[in-house]
Amino acid sequence: MRRVVVTGLGAISPLGRGTGALFEGLLQGRSGIQAVPEMAAVGGMRTRVAGLVPGIDPREIPRKFRRSMSNMSIFAVLACQEALAQAGVGPEECADGRTGVAIGSTVGSTRATEDFFADYFTDRSLERMKSTFFFQIMNHSCAVNVAQALGIVGRVFAPSAACATGCQTVGLGFETIAMGKQERMLCGGAEEFHPLTAGTFDMMNAASIGFNDRPQHTPRPFDRGRDGVVCAEGSGILLLESLDSAHRRGATVLAEIVGFATLSDPVNLANPNAAAIAGCMRLALADAGMAPAEIGYVNAHATATEQGDIAEGEAIAAVFGDAVPVSSLKGHLGHAMAASGSLELIAGVEMLRHNSLIPTLNLDDPDPACGPLRHLRGVEPVGVKALIKNNFALGGVNSSIVVRSLA
Amino acid sequence: MTDQEIIELINTSLAEEFELALQEMTPDSTLFDELGLDSLDVVDLVIVLEGAFGFKIREQEAIRQIRTLGDIHRFVISKKLAA
């Protein structure tokens with residue numbers, strides 16, 4: 001199996017455009033959450049906060065490519081462009097057949113779907129359906145829009161596992177390169193905010209509803225006062241590359257992907273369980289050939305739900321004990337669903353590179369029910385230069401990735 | 001509507017839909033080569049014209065013969081006259 005490294009990062013997040021804006025915002029302890037009063041227009045909606053991407057002008061993407069894109073594809077394309085630029089990978093490599101794509105979203109564009117059906121239900125006529133509508137709602141919309149816009153002719157995958165998509169795509173890209181099927185893979189997730197996404201969590205009593213007047217105080221991962229998920233949007237893209245290819249090109253290696261695991265937890269459709277999460281982390285460690293003591297930081301999925309944070313906290317304590325630093329970045333970013341795993345993994349790579357572990361925002365009063373964890377409460381230097389990143393989804397899909405600085 | 005008003009409505013509708021510069025839209029402009037449209041855009045072009053003029057033209061054979069912006073002007077004017 002070939003070694004796989006990260007040579008490019010691209011991030012569009014509630015903290016702004018670019019990996020720089022993301023990491024700078026995280027370092028400064030900024031929140032990307034804001035009030036979204038128009039959510040009140042949806043009957044039964046109690047949550048009124050979200051993490052929205054600021055300041056993107058889609059028109060920088062030519063209409064020929066943009067016409068088939070909803071916001072999630074726009075975010076993904078811009079993030080890919082950033083990652084490719086950082087890696088020094090240009091149109092020639094994109095077109096050489098050895099660069100592929102693994103990018104997914106939770107669903108296609110809900111906004112486009114809503115707009116179409118709002119019109120369709122007036123007279124059930126197809127006569128006003130635009131030709132590019134389907135390209136915005138199909139499940140592989142982001143992946144193909146990226147491939148089309150960037151002239152990529154290699155493999156195009158669109159894994160979709162809701163909130164675990166971000167890490168599953170990176171894992172798939174990792175294994176694809178390790179097996180020698182591609183030299184480079186653009187990997188990650190993308191998500192665009194729609195009130196019905198937040199409504200889905202609200203309906204399950206899993207959305208934050210108590211901080212509508214103080215949006216930057218929620219979500220609160222691992223905190224006693226946590227009251228649920230805050231939905232967000234964005235895209236995080238990692239350019240993975242074989243170590244050989246990176247060396248041949250003289251590319252700067254940002255980190256090495258060394259382990260990946262994903263598994264199903266059939267115990268319950270919605271309730272995470274600690275044993276399955278611990279099992280997933282152990283599998284990822286085994287894949288990396290590493291012991292828990294060789295991990296210097298756990299980047300938790302922790303979305304600030306009552307049950308999820310407890311299950312993950314128990315699992316982390318079971319695998320790593322109470323000495324390894326732990327944090328969740330949902331307090332800064334909210335939960336960008338399919339994009340969350342890859343955005344947070346990007347932040348993890350930057351933490352290793354900048355020797356700065358980021359604490360959990362809004363964690364004022366750690367909930368002892370979440371296990372005996374060593375919560376990061378301030379920015380700390382990195383000890384052991386390897387991390388594990390967790391990423392879970394409704395439906396019992398767990399995934400974990402192990403990343404380390406290149407020795 | 002005068003012919004000139006019809007032409008202006010066509011041009012502004014297409015300029016908005018396809019992000020074209022009005023000053024670059026002449027009757028001789030070919031849809032594919034010069035205005036940069038393709039077969040998917042033509043589907044939407046028909047929808048835009050149907051919306052702007054309130055007629056149904058999707059099934060008209062004459063649509064297939066359209067090559068230039070001037071062809072669209074003449075086609076729509078003839079349709080409006082026939083209405």
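Details
- Per residue, the accessible area of the stretch A:1-107 comes to 39 Å², computed with a 1.4 Å probe over protein heavy atoms only.
- Extension gain, A:Thr252-A:Arg3: 0.36 nm per intervening residue step, less the Cα-Cα distance, totals 88.2 nm.
- P(r) tail fraction, the stretch A:264-407 - alpha-carbon pairs more than 27 Å apart, %: 10 percent
- Rg/Rg_globular for the stretch A:48-152, with Rg_globular taken as 2.2 N^0.38 Å and Rg from C-alpha atoms: 1.21
- Across the stretch A:30-79, C-alpha contacts under 8 Å between residues 6 or more apart give a mean separation that, scaled by the residue count, equals a relative contact order of 26 percent.
- Reciprocal mean inverse distance between Cα atoms of the stretch B:9-83 - Kirkwood radius, Å: 12.4 Å
- Span-like helix check, chain A: qualifying full DSSP H segments, with Cα axial length of 20 Å or more and mean Kyte-Doolittle of 0.0 or more, are A:71-87, A:274-288, A:306-320, A:340-354.
- Summed residue charge, Cβ within 15 Å of A:Ile152's Cβ, Lys/Arg positive, Asp/Glu negative: -1
- Positive contributions from Lys and Arg (+1) and negative ones from Asp and Glu (-1), summed over other residues with Cβ under 15 Å from the Cβ of A:Glu60, come out at +3.
- Dipole axis of chain B (+1 Lys, Arg; -1 Asp, Glu on Cβ), positive-most option in B:Leu45, B:Ile10, B:Gln65: B:Gln65
- In units of the rule-of-thumb radius 2.2 N^0.38 Å, the protein assembly as shown shows an alpha carbon radius of gyration of 1.07.
- Interface size, chains B and A: roughly 1100 Å² of accessible area buried, both sides included, 1.4 Å probe, rounded to the nearest 100.
- Projecting the Cα atoms of A:Gly43, A:Thr200, A:Ala118 onto the dipole axis of the protein assembly as shown, where Lys and Arg carry +1 and Asp and Glu carry -1 at the beta carbon, places A:Thr200 farthest toward the positive end.
- Relative contact order %, the stretch A:353-407, counting alpha carbon pairs below 8 Å whose residues are six or more apart: 32 percent
- At 1.567 mPa s and 4 °C, Stokes diffusion of the stretch A:87-133 via Kirkwood alpha-carbon radius, µm² per second: 91 µm²/s
- Summed side-chain charge close to A:Ala40 - residues other than A:Ala40 whose Cβ falls under 15 Å, Lys, Arg +1, Asp, Glu -1: -1
- Values of log10 I(q)/I(0), in the order q = 0.12, 0.13, 0.22, 0.29 Å⁻¹, for the stretch A:1-63 under a Debye, Cα-only, solvent-free model: -0.50, -0.57, -0.95, -1.15
- With the simple spin-label model, which puts each label point 7 Å out from Cα in the Cβ direction, the B:Asp71 to A:Lys64 separation comes to 2.0 nm.
- Contact residues in the stretch B:19-62 (at least 20 Å² less accessible area with all protein chains than alone, 1.4 Å probe): B:Glu19, B:Asp38, B:Leu40, B:Asp41, B:Asp44, B:Ile47, B:Lys56, B:Arg58.
- Relative to one another, the C-alpha centroids of the stretch B:66-83 and the stretch A:375-407 are positioned 63 Å apart.
- In this calculation the C-beta distance from A:Asn139 to B:Glu34 is compared with R0 = 35 Å, giving a FRET efficiency of 0.45.
- Computed [θ] at 222 nm, deg cm²/dmol, chain A (DSSP H ≥ 4; -39,500 (n - 2.57); rounded to nearest 500): -10500 deg cm²/dmol
- Dipole magnitude for the stretch A:100-165: about 220 debye, using +1 per Lys or Arg Cβ and -1 per Asp or Glu Cβ, origin at the Cα centre.
- Under the convention that each Lys and Arg Cβ holds +1 and each Asp and Glu Cβ holds -1, the size of the dipole of the stretch A:140-297 around its Cα centre is about 160 debye.
- Remark: relative contact order (the stretch A:129-182) = 24 percent; criterion is Cα-Cα distance under 8 angstrom and separation of 6 or more residues.
- Along its three principal directions, the equivalent ellipsoid of the stretch A:310-374 from the Cα gyration tensor extends over semi-axes of 20, 15, 12 Å, largest first.
- Taking label points 7 Å from Cα along the Cα-to-Cβ direction, A:Asp57 and A:Thr200 give a separation of 3.3 nm.
- Helical runs (DSSP H, four residues minimum) scored at -39500 (n - 2.57) apiece and divided by the length of chain B put the mean residue ellipticity at 222 nm at -17500 deg cm²/dmol.
- Accessible area expressed per residue, chain B, with surrounding protein chains retained (probe 1.4 Å, Å²): 58 Å²
- A Förster radius of 41 Å combined with the Cβ-Cβ distance from A:Asp322 to A:Lys181 puts the calculated FRET efficiency at roughly 0.50.
- Threshold 40 Å², the stretch A:117-161 residues less accessible with all protein chains present than alone (1.4 Å probe): A:Glu127, A:Lys130, A:Ser131
- Assuming charge only on the beta carbon of Lys and Arg (+1) and of Asp and Glu (-1), the dipole of the stretch A:1-104 about its Cα centre is about 280 debye to the nearest 20.
- Simple rule: put +1 on each Lys or Arg Cβ and -1 on each Asp or Glu Cβ in chain A, find the dipole, and look at A:Thr303, A:Gly20, A:Gly210; the Cα lying farthest toward the positive end is A:Gly20.
- Label-point separation, A:Val153 to A:Ala369 (7 Å along Cα→Cβ), nm: 5.7 nm
- Percent accessible area from carbon and sulfur atoms, the protein assembly as shown, protein chains only, probe 1.4 Å: 53 percent
The values are calculated or read from the model by the stated rules, or taken from the named source; none is laboratory data. For clarity, every value in this text was computed on a predicted model and none was experimentally measured. Every residue, glycine as well, gets a Cβ built from its backbone with ideal geometry; the counts of neighbours run over all protein chains shown. What goes into the accessible areas is simple: the full protein's heavy atoms, side chains included, and nothing from ligands, DNA or RNA. Shrake-Rupley method; radii C 1.70, N 1.55, O 1.52, S 1.80 Å.
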